[in-house]
1. Filter region 1-50 for residues that are at pLDDT 85 or above and in a strand (DSSP E or B) and give the result.
2. In region 45-68, how many are out of contact with any Gly (no Cβ under 8 Å at 6 or more places or on another chain) and crowded, with 20+ Cβ neighbours inside 10 Å?
3. In region 103-135, what count of residues is obtained for those that are exposed (fewer than 10 other Cβ atoms within 10 Å of the Cβ) and assigned to a strand (DSSP E or B)?
Amino acid sequence: MSNTVGHTPFLQTYFHGTKADLRLGDFVTAGFNSNYGKQKNAKYIFLTSTLDAAVWGAELAMGEGRERIYLVEATGPIEDDPDLTDKKFPGNPSMSYRSERPFKVVGEVTVWQGHLPEQVNAMKAALAKLKAEGIDSLNDE
C-alpha cells in the first residue's frame, strides 16, 4: 500500500452567474466590463461555491441577455473576494472568490429560483448609491 495521494479526475466545481451565452468547454476570462464599481475592464473574474451568490451574480449582471448560471472549474489560483470577505461578510460565508485566470465552463444550472423583484431592486439601488458616493470596489484595483 502506498502513502502517496493519487490524482483524481474530478476538480472542485464552482458557480458563475452571468448574462453571457456560453457553451461547454468555453472559458470565462477577465478583461470584460465589470458589473460593479467603476464598470471598467475587469482584472478579475468571479465564482462562488453557493448557488445563492451565483443567482445574485446573474441577476445583477450587466446586459440584456438571459440570466445564466454556469458550473465552472478554476484553471489557476483563486482567492477570497475582498469586497465581500473584507467589508460585508468577514470569513467568506458567501464562499465568493476571484481569480485572474480563466474558468472552464463544465455545465449549466438550468433550473433555479431568482430573488423577489423587490430584493433585486433594493440591491441595485444599494449598488447605485455606493457608486454615487464614490465608494469603489476593491476589485477595481
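1. Answer for region 1-50, where residues must be at pLDDT 85 or above and in a strand (DSSP E or B): TYR14, PHE15, HIS16, GLY17, THR18, PHE27, VAL28, ILE45, PHE46, LEU47, THR48.
2. 2
3. 0
The values are calculated or read from the model by the stated rules, or taken from the named source; none is laboratory data. Bear in mind that the values here come from a model prediction, so they are computed numbers and not experimental data. Note: ideal-geometry Cβ built from the backbone for every residue, glycine included; neighbour counts use all protein chains shown.
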